[in-house]
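Okay, structure first, notes after.
The values are calculated or read from the model by the stated rules, or taken from the named source; none is laboratory data. Fair warning: this is a prediction, and the values are worked out from it, not measured in the lab. Neighbour counts are summed over all protein chains in view; Cβ atoms, including those assigned to glycine, are modelled from backbone coordinates with ideal geometry.
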Amino acid sequence: MKVTEICVVPAERRIRLTVEMPNPDRFLTSQAPHLPRRLFRLFPNLSQHKCENGRGYTFRRECRQTEIPHLFEHLIIELQAQAQPAEVLRGETHWNWRVDPKGRFHVFVDYENELLAVGAIRLAERILQSLDERHLEDVDAELEMARLREVARLGRALMGQEKEPQGDGKTVPVTASCSPVRSPTRVPANGTQKARGR
Ligand SMILES: [Zn+2]
């Protein structure tokens, strides 16, 4: 999975990402079950994410078969929330392969700290890559989070917000609401698909 475009929309406090799957036929977690398994082990808080997937599944259950970029979306939100206490951060994952080449996804994530968000995106990309290539030793979650918290601090300093937001840094009010995730091979009449995280 590769992030090919990062577009910051300050007015909406949202970042839009274009994500490409190198193999357009391999985009589901069921094709790479080691990915969610290892990710939930590294970041147990992910199991507390809300995910409105139309089936009433918990996010953990949803991850048995969902789009890898949807997992990526949740990971970006989780990393941001761990590095800096946040209100609810939302995300969405869309794709429309009538317009775009197969394997392209559009991921949207909220942010409160722009520099942190970009750091979280790059870190999430690297973590998924390492886990997918089974290079577990490349991921030192504690060290990465310490770095990311420093990025968050720099981001606040850049924006003239020196004070750390209130929160114990443990409770992660992250939620994600995702619309029914159907197989993109069955494109609905309007030709779009959406997995929405909130
Ligand atoms: Zn979700």
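Take the residues in the stretch 64-81 that are part of a helix (DSSP H, G or I) and of a type in the set (Asp, Glu); name whichever of them is farthest from the ligand (Cβ to nearest atom).
Going through the qualifying residues, I end up with 78.
Take the residues in the stretch 129-146 that are in a helix (DSSP H, G or I) and loosely packed, with under 14 Cβ neighbours inside 10 Å, then tell me which one is modelled with the highest pLDDT.
If we take residues in the stretch 129-146 being in a helix (DSSP H, G or I) and loosely packed, with under 14 Cβ neighbours inside 10 Å, then 146 is modelled with the highest pLDDT.
Restrict the check to the stretch 69-85 and report whether at least one residue is within 12 Å of the chain's Cα centre (by Cα) and more than 23 Å from residue 116 (Cα to Cα).
The answer is no, given that none of the residues of the stretch 69-85 is within 12 Å of the chain's Cα centre (by Cα) and more than 23 Å from residue 116 (Cα to Cα).
Residue 116 fails exactly one of the following numbered conditions: (1) in a helix (DSSP H, G or I); (2) surrounded by fewer than 20 Cβ atoms within 10 Å (Cβ to Cβ); (3) not aromatic (Phe, Trp, Tyr). What is the number of that condition?
Every condition holds for residue 116 apart from (2).
Test residue 122 against the stated conditions and say whether it is among the basic types (Lys, Arg) and modelled with pLDDT under 95.
no
For the structure I just gave you, tell me whether residue 185 is more than 26 Å from residue 95 (Cβ to Cβ), exposed (fewer than 15 other Cβ atoms within 10 Å of the Cβ) and at pLDDT below 50.
The answer is no for residue 185.
Looking only at residues that are more than 14 Å from the ligand (Cβ to nearest atom) and within 30 Å of residue 157 (Cα to Cα) in the stretch 82-105, which one is surrounded by the most Cβ atoms within 10 Å (Cβ to Cβ)?
83
I want to confirm something. Restricting to the stretch 41-63 and keeping residues that are assigned to a loop (DSSP other than H, G, I, E, B) and in contact (Cβ under 8 Å) with a residue 40 or more places away in the chain, which single residue is nearest to the ligand (Cβ to nearest atom)?
Ranking the qualifying residues of the stretch 41-63, first place goes to 51.
What is the one condition in (1) free of Cβ contacts under 8 Å to residues at least 24 places away in the same chain; (2) among the charged types (D, E, K, R); (3) in contact with a Leu (Cβ under 9 Å, 6 or more places away or on another chain) that residue 100 does not satisfy?
(3)
Suppose we filter 6, 76, 68 for residues that are touching a Lys or Arg at 6+ places or on another chain (Cβ under 9 Å), closer than 18 Å to residue 130 by Cβ and of a type in the set (Val, Ile, Thr); which single one remains? If you could, list the steps in order and put the result at the bottom.
Numbers: 6 fails: closer than 18 Å to residue 130 by Cβ; 76 fails: touching a Lys or Arg at 6+ places or on another chain (Cβ under 9 Å).
Going through 6, 76, 68 in turn, just one is touching a Lys or Arg at 6+ places or on another chain (Cβ under 9 Å), closer than 18 Å to residue 130 by Cβ and of a type in the set (Val, Ile, Thr): 68.
Taking the options 122, 38, 126, name whichever one is over 11 Å from the mean Cα position of the chain (by Cα), in a helix (DSSP H, G or I), more than 11 Å from the ligand (Cβ to nearest atom) and closer than 28 Å to residue 155 by Cα.
Going through 122, 38, 126 in turn, the sole match is 126.
Of (1) over 14 Å from residue 120 (Cα atoms); (2) within 15 Å of the chain's Cα centre (by Cα); (3) modelled with pLDDT of 95 or more, residue 24 satisfies all except one. Which?
For residue 24, the exception is condition (2).
Among (1) in contact with an Asp or Glu (Cβ under 6 Å, 6 or more places away or on another chain); (2) away from the ligand (no atom under 16 Å from the Cβ); (3) not basic (Lys, Arg), there is one condition residue 25 misses while meeting the rest; what is its number?
(1)
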